[in-house]
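Here is the structure we will look at, set down as structure tokens.
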Amino acid sequence: MIVPRLALQSLRNRALTASLTVLAIAFSVMLLLGVEKVRTGARQSFADTISGTDLIVGARSGAIQLLLYSVFRIGNATNNVTWKSYSDIAKRPEVDWIVPISLGDSHHGFRVLGTTPDYFTRYKYRHGQALAFADGKPFSDLFDAVIGADVAQALGYHVGDEIVVAHGVGSISFVEHKDKPFRVSGILAKTGTPVDRTVHVSLEAIEAIHVDWQNGIPMPGQSISADEVRTMHLEPKAVTAALLGLKSKLATFKLQRAINEYAEEPLSAIIPGAALQELWGLVGTAETALSIVSAMVVATALLGMVTMVLTTLNERRREMAILRSVGARPATILGLLATEAGMLTLAGVVLGTALLYAALLLLQPLIDRVYGLHLTIDPPTAREWLTLGTIVLAGFLAGLLPAMRAYRLSLADGMTVRT
Amino acid sequence: MQRSLPEMQTPDVVSMSGVRFRWRGPRAFSLAIDSFALRAKERVLLIGPSGAGKSTFLSLLCGIVTPSEGRLEVLGTDMAKLSSSGRDRFRAEHFGIIFQMFNLLPYGSVLDNVLLPLSFAPKRRRRASQGGTIESEASRLLASLGLDPKEVEGLSTANLSVGQQQRVAAARALIGAPELIVADEPTSALDRNRQQAFLDLLFADVAAAGASLIMVSHEEELGKRFDRVVRLDEIATSERRAAA
């Protein structure tokens, strides 16, 4: 076993360049796997956001747009659903439950969502998990609000605090519903979904704070106080969207069709899973681009490795002539160099994978908190193993390039030791 | 000129006749050796002025390259009839080679350097382990070459003087008793006193192993210590062409 040992010692002799090469490969592997983890993590996060809802109903629009604004609080609704349409759909025999969603106001950049108390029992996330209260209870009074975990943490709110809702959804708003402040009645437990970043109030409250408004601005001289509004009949004129649960899933397509063809108002009904699939199709291109970039970074690292092995060839011609003189075949020298490249790549891949898992363990809580992205720490998937195996193989094959050159050099040098 | 007579009582270790070889490529160089023979246990000094084709002669002798014409036999084996890997194995089993300098793998230990050829030559390995282990044989050779095995074996070769390195190289060439020792100016990096001492030790060990020795040098005054002196330019003609 002298030859492998000498090869290892030769490598140790070049420890600095070798370890830098390994580090470059490790970082590139870390990037490649990291992109994959974030990609699957983001998909999982999105897919986990809504569960148990059979249909989402909104004004006529694209499926992705409706899904984004109703569930993910991304973008805005083009139009509303009238209360009449909402009531018609709610009365249909296939419908088991219906929860309205009314958007359009905000609180310090967090969206305000008007809904019914059913929301807290009907809305499900991550494989049918229900919302839970970390503190307090659902809203019972007109001006009660239930805030998500991130809202409570970011703004330091506790049950009983008073908050003022702003009109519009920007983080800085000049028009506030100052005359009708809310009181925090409950704080939801962390879910890892947009619910964490939402302020929930009752549908009537949304109506109440806009009762003296017209066309998006307060009507001058017509202010109605919070006490006065309690006495009024606060039936909403419209909602933004509605989440639907059906008695039988078999009726999903039939009801979807019926809503899409609803005569009195242009409406859209979407199946959340199908809309998500459509969304993946849209972001798939970006994901592919990201994967290609990481693959190119890995290729660059392997190129660096080949360069390193190539540049050491000249100073190793002596080593090769000595090996040839004691009877090593040119094929042995070829194998030695290709193995060296393969071992460097393997070391890089192992180190990169280890670094990624270390980084995941370290940063997972932070990423979860800051980006709401829950990255699961699983052993590498079959696909990832395949990727890692391919990189090692590519490194070995790339090593054949300097190895072939060494082979030719050792044939040409023969017994002459060049230094 | 010595004439090779293959039918004599002991066969020649090396016998060449009518050998022609040409390097291809930009540094085209051709060498023609009419006749050369080395008898068993003979010690020959080969005087090769620079440019006479010394490296080519050694490459042919050691089977790195094969002649395009003529006959080249080592220990009765026609080198041209062996495959390239067959020649590598043949070299491993039957040749001990000492270079001018930089003989050793600098990062390896002395012991690993001495034992290196045995990884490629199972018969030599068997011969080397006859009196005990291959390690004890390496120690014996190092000691006979004037190195204290206990002191040097674990050392990295980078810590040795040039003279010590050449003695380790000699031990590597001699281990497992190959039939032919080829030394390419092994003493050129040594001063005169060390040269003599090195040759004394080398000769004693070559004789003890019953091997033959071809040593290449440009120092003719070393010739009196050898059985025979051969001038390369007298047995061979070389031609160097400028790049075409």
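On average, how many beta carbons from a partner chain sit within 10 Å of the beta carbon of a residue in B:76-87? Walk me through the intermediate numbers first.
Working: counts 0, 0, 0, 0, 0, 0, 0, 0, 4, 5, 1, 2.
Mean number of neighbouring Cβ atoms from other chains: 1.
Projecting the Cα atoms of A:Leu409, B:Ala80, A:Gln364 onto the charge dipole of the protein assembly as shown, computed from C-beta unit charges around the Cα centre, puts B:Ala80 farthest toward the positive end.
Counting only other residues whose beta carbon sits under 11 Å from that of A:Phe72, what net charge do I get with K and R as +1, D and E as -1? Can you show the working numbers first?
On the way: positive: A:Arg73, A:Arg111, A:Arg197; negative: none.
Surrounding charge for A:Phe72 is +3.
Ranked for footprinting exposure by Cβ neighbours inside 10 Å, fewest first, A:His374, A:His233 give A:His233, A:His374. Charge dipole of chain A (Cα centre as origin; +1 on each Lys and Arg Cβ, -1 on each Asp and Glu Cβ, all else neutral): 2620 debye, rounded to the nearest 20. A helix-only calculation puts chain B at -9500 deg cm²/dmol for mean residue ellipticity at 222 nm, using -39500 (n - 2.57) for each DSSP H run of at least four residues, averaged over all residues. For the options B:Ser212, B:Ser68, B:Ser188, a Gaussian network treatment of chain B with springs between C-alpha atoms closer than 10 Å singles out B:Ser68 as fluctuating the most. Relative contact order for the range B:172-244: 37 percent, from Cα pairs under 8 Å spaced at least 6 residues apart, divided by residue count. Between A:Asn314 and A:Arg60, the C-beta separation translates, for a Förster distance of 56 Å, into a calculated FRET efficiency of about 0.20.
Note on the range A:55-270: Lys pairs 8 or more places apart or on different chains, Cα atoms under 16 Å apart, count 5.
Taking each residue in A:312-324, count the Cβ atoms of any other chain within 10 Å of its Cβ, then average. What number comes out?
On the way: counts 0, 0, 0, 0, 1, 0, 7, 6, 0, 5, 11, 5, 5.
Neighbouring Cβ atoms belonging to other protein chains average 3 per residue here.
Taking the Cα centre of chain B as origin and charging only Cβ (+1 Lys, Arg; -1 Asp, Glu), how large is the dipole, in debye to the nearest 20? List each step's numbers first, then the result.
Values: 31 positive and 28 negative charges, 112 e Å.
Around 540 debye, computed over chain B.
Of all beta bridges that DSSP places with both ends in chain A, some 80 percent have antiparallel geometry.
Quick one: compute the contact order of the range B:64-208, relative version, from alpha carbon pairs under 8 angstrom and 6+ residues apart, as a percent. Working shown, then result.
Values: 188 pairs, mean separation 46.2, N = 145.
About 32 percent, as a whole number.
Think of it as helices only: each DSSP H run of n ≥ 4 in chain A is worth -39500 (n - 2.57), and spread over all residues that comes to -18000 deg cm²/dmol at 222 nm.
Report, in debye and to the nearest 20, how large the dipole of the range A:55-270 comes out about its Cα centre when Lys and Arg carry +1 and Asp and Glu carry -1 on their Cβ.
Numbers: 21 positive and 23 negative charges, 197 e Å.
The calculated dipole for the range A:55-270 is roughly 940 debye.
For the range B:87-150, the mean projected area of the C-alpha convex hull, equal to one quarter of the hull surface, is 4.9 nm².
Between the helical axis of B:84-94 and the longest alpha-carbon principal axis of chain B there is an angle of about 50 degrees.
Assuming 0.890 mPa s and 25 °C, estimate D for the range A:55-270 with Stokes-Einstein, Rh taken as the Kirkwood radius over Cα pairs, in µm²/s. Spell out each step's value before the answer.
Numbers: Rh = 17.8 Å.
For the chosen part, D equals 138 µm²/s.
Legend: calculated FRET efficiency, A:Ala42 to A:Val350, from the Cβ-Cβ distance at R0 = 25 Å, rounded to 0.05, equals 0.40.
Among B:Leu201, B:Leu105, which comes first, then next, by fewest other beta-carbon atoms within 10 Å? Before the final figure, lay out the partial values.
Details: B:Leu201 18, B:Leu105 24.
Fewest to most other Cβ atoms nearby, the residues stand as B:Leu201, B:Leu105.
In terms of surrounding Cβ atoms within a 10 Å radius of their Cβ, B:Glu220, A:Glu207 rank from fewest to most as B:Glu220, A:Glu207. Using only the C-alpha atoms, the convex hull of the protein assembly as shown corresponds to 249 Å³ per residue. Shielding of peptide B:45-56 by partners, expressed as the average count of other chain Cβ atoms within 10 Å per residue Cβ, is 1.
Cβ-Cβ distance of A:Met296 and B:Gln196, R₀ of 45 Å, FRET efficiency by 1/(1 + (r/R0)^6): the value works out to about 0.10.
Just want to confirm a number: the relative contact order over the range A:110-178, from Cα pairs under 8 angstrom separated by 6+ residues, in percent.
Details: 43 pairs, mean separation 15.7, N = 69.
Relative contact order of the range A:110-178: 23 percent.
Rule-based calculations on the coordinates, nothing more; no lab input. None of the values given here were measured: they were computed from a predicted structure. Ideal geometry is used to build each Cβ from the backbone, glycine not excepted, and the neighbour counts take in all protein chains shown.
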